[in-house]
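Please read the structure below before turning to the comments.
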Amino acid sequence: MSSRKNNKTKKINPKYIFVVGGVMSGVGKGITTSSIALILQSRGFKVTAVKIDPYVNVDAGTMNPLEHGETFVLADGLECDQDMGNYERFLNTELTRTNYMTTGSVYQSVIEQERALKFGGKCVSVVPHIPNEVTERIKNAQATHNADITIIEIGGTAGEYENLLFLEAARLLKLENPADVLFVLVSYLPIPSKIGEMKTKPTQHASRLLNSAGIQADMIVARSSHPLDEVRKQKLSTMCNIAVDDVISAPDVDSIYHVPINFEIDNLSTKILKKLDLRPKKRDLKEWTSFTQKIDGSTKELKIGIVGKYFNSGNFVLSDAYISVIEAIKHASYFYKQKPIIDWIDSSEFETDSKKLTNLKQYAGIIIPGGFGERGVEGKLKAIQYVRENKIPYLGLCYGMQLAVVEFARNVAKIKNAHTTEIDDKTENPVITTMEGQDINIKDGVMGGTMRLGEYSCEITPKTLTRKLYNLAQIQERHRHRYEVNNQYREELEKAGLTIAGINQDNNLVEIIELSNHPFFIATQFHPELISHPLNPHPLFKGFIKACQKR
Ligand code: GLN
């Protein structure tokens, strides 16, 4: 027995890499984190990623996607930050709620423990109890995924009041395990147009701000529009107290999926593994590389329109609010060597001017993604009618499915004033209505984390296009909704020609609809975009893109 034990390879300590931001937000910390995770995975290690969101919101379900970005949903139903989607897409893995925390969720559990007398009568203090809870959660994520390396992205930038306690947790973890914790500062080097020269000073300040939190960066990923030259690398090395070799140049790239490849041109994984005293295995990035080659070879343009209610809000980035939809379109497009050109179409313009509907003709296909509330709904309904009648490929996602049912009910099944009770709770024909148990949540205002969330199974109807595309009878997909197709109208809708292509058997819920007299008209109650992967595009998006290509 004992000799077998001796033969075992030495067990390595779990390693932790913290990714923190400097200078400003939005410079690609999430993509850097995902890319580092991927290149370490490609060297044969088990890697998991944790996102820390400094907001007081308990989860991302209550944050406005136009301000905070898309609300991503995990298989286990957690509503979280869009970066979690990037981690899943890059690592090609499924994460769990252990991989995400917010200030709100951390405080909530410390307070719950306090109420349950778990602190044995002690005063519960911000320090150390909050950082302790944070490190416990990081260790829990490591243990859940049995990870060799856990990479933790701390939201915000160094010097912000909001993420101080998370930096404090990171510092304490390093103190406890000096050889097993690494810090990567992702910073930004501006090139002011009037000066025309890349400036290192903001990054020097960011590094000092980290120092004042007791943290020394081990590496700096220097984001800029251009590559860093040796002079700047040297300067950052001197001023930020790190080796020249540990300043990583990360210039802008056309596609986020090229970032890991670029990192490896600089041998980043080898550098990191050396610092962590881990013996690297041979790199395996074959599949990823051939995927990026496909991107480079995708030159034929395909115009896709995404119809939604978009404007009237201050500062926001639309592509962030629908990042998973965009990425799913890209995965499927690259699969067919197409370069997608995505246009945002504001549905409210169809409400004031129906003639504008003919603009939709220029698109290879139209998507109506998830959404909530009244604004722009009548315009979306008009757009759906137009694409249905003019045989333009249509993919409806969640709200885009519910509204497709409303449109079909009104204009094909001739069900008068059909509507969703989300908009009109007095409608005489509620073809879309609240799911069981949701009325009480809405009435009592219990809205956080109470939608139908996460993975549920769906039985696909034989002899449908959907069945052909999946080539499966049973699937699992992720959800986020309160409303559903009203079963009382199912027969009437089916008689009028609507195909129910997927059902959740446990609760008898309609999950997928399609139209057979149309080149491609499929809409789902779930969000297929959430599980599309670069190396494994989603079958429904593949079907949609193929139909677009044909058009
Ligand atoms: N508002 C709809 C519902 O709650 C659709 C939600 C969504 O598109 N994610 O059911």
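Karplus-derived 3J(HN,Hα) values for the range 361-366, using 6.51 cos²θ - 1.76 cosθ + 1.60 with θ = phi - 60°, are 4, 6, 9, 6, x, 10 Hz; glycine and proline are entered as x.
Mean residue ellipticity, 222 nm, helices only, the chain: the sum of -39500 (n - 2.57) across DSSP H runs of n ≥ 4, divided by residue count and rounded to 500, is -11000 deg cm²/dmol.
For the chain, the solvent-accessible area with a 1.4 angstrom probe is 45 square angstrom per residue. Placing unit charges on the Cβ atoms only, positive for Lys and Arg and negative for Asp and Glu, gives the chain a dipole magnitude near 1960 debye about its Cα centre. Straight Cα distances below 12 angstrom link LYS309 to the aspartates and glutamates ASP346, GLU349, GLU351, GLU374, GLU378, with same-chain residues fewer than 8 positions distant left out. At a Förster distance of 51 Å, what's the computed FRET efficiency of ILE423 paired with LYS11, Cβ-Cβ distance as r, to 0.05? My answer for the efficiency is 0.30. Most simply put, the chain has about 30% antiparallel DSSP beta bridges, counting only bridges with both residues inside it.
With the charge dipole of the range 82-180 set up from +1 on Lys and Arg Cβ and -1 on Asp and Glu Cβ about the Cα centre, the Cα lying farthest toward the positive end among the listed residues ILE111, LEU95, ASN140 is that of ILE111.
Dipole orientation for the chain: of the candidates THR464, THR299, PHE541, THR299 has the Cα lying most toward the positive pole (charges on Cβ; Lys, Arg +1; Asp, Glu -1). Each Cα pair under 8 Å and six or more residues apart adds its sequence gap; the mean of these over the residue count of the chain is a relative contact order of 15 percent.
Each Lys or Arg adds one and each Asp or Glu subtracts one; over the other residues with Cβ under 11 Å from the Cβ of ILE512, this totals -3.
Quick one: with all protein chains in place, what share of the accessible area of the range 174-238 is carbon or sulfur, to the nearest percent (1.4 Å probe)? Ligands and nucleic acids excluded, carbon and sulfur reach 56 percent. For the range 81-97, backbone phi angles converted through the Karplus equation (6.51, -1.76, 1.60; θ = phi - 60°) give residue-by-residue couplings of 5, 4, 4, 4, x, 4, 4, 5, 5, 6, 7, 6, 9, 10, 9, 10, 5 Hz, Gly and Pro being listed as x. Assuming charge only on the beta carbon of Lys and Arg (+1) and of Asp and Glu (-1), the dipole of the range 104-171 about its Cα centre is about 280 debye to the nearest 20.
Towards the positive end of the charge dipole of the chain, with charges on Cβ (+1 Lys, Arg; -1 Asp, Glu), say which of VAL325, VAL485, SER35 has the farthest Cα. So the residue furthest toward the plus end is SER35. Taking the longest Cα principal axis of the chain as reference, the axis of helix 323-335 is set at about 80 degrees. Taking the accessible area of the range 390-507, probe 1.4 Å, and keeping the other protein chains in place, the carbon and sulfur fraction comes to 45%. In the structure shown, the pairs LYS11/LYS274; LYS274/LYS337; LYS468/LYS550; LYS282/LYS337 are assessed against 27 Å; a Cα-Cα span above that value is assigned to LYS274/LYS337; LYS282/LYS337. The overall shape of the range 202-355 is oblate: from the C-alpha gyration tensor, with semi-axes ordered a ≥ b ≥ c, the ratio a/c is 1.5 or greater and a/b is no larger than b/c. Straight-line cross-link partners of LYS426 among the lysines, defined as a Cα under 20 Å from its Cα and at least 8 positions apart when in the same chain: LYS414, LYS416, LYS443. With contacts taken as Cα pairs under 8 Å at a separation of at least 6 residues, the range 268-391 carries a relative contact order of 31 percent. All other residues whose Cβ lies under 12 angstrom from that of ILE531 are scored, Lys and Arg at +1 and Asp and Glu at -1, for a net of -4. Rounded, prolate or oblate for the chain? Axes are the square roots of the Cα gyration tensor eigenvalues, ordered a ≥ b ≥ c, and the cut-off for rounded is a/c under 1.5. It is prolate, given that a/c is not under 1.5 and a/b is the larger ratio. The dipole here belongs to the range 311-389: it is taken about the Cα centre, uses +1 on the Cβ of Lys and Arg and -1 on the Cβ of Asp and Glu, and is about 380 debye.
The values are calculated or read from the model by the stated rules, or taken from the named source; none is laboratory data. Computed from a prediction, not measured in an experiment: that's the story for all the values here. Methodologically, a virtual Cβ is constructed for each residue, glycine included, from the backbone with ideal geometry; neighbour enumeration extends over all protein chains shown. All accessible areas refer to the heavy atoms of the entire protein, side chains included, with ligands and DNA or RNA removed. Shrake-Rupley method; radii C 1.70, N 1.55, O 1.52, S 1.80 Å.
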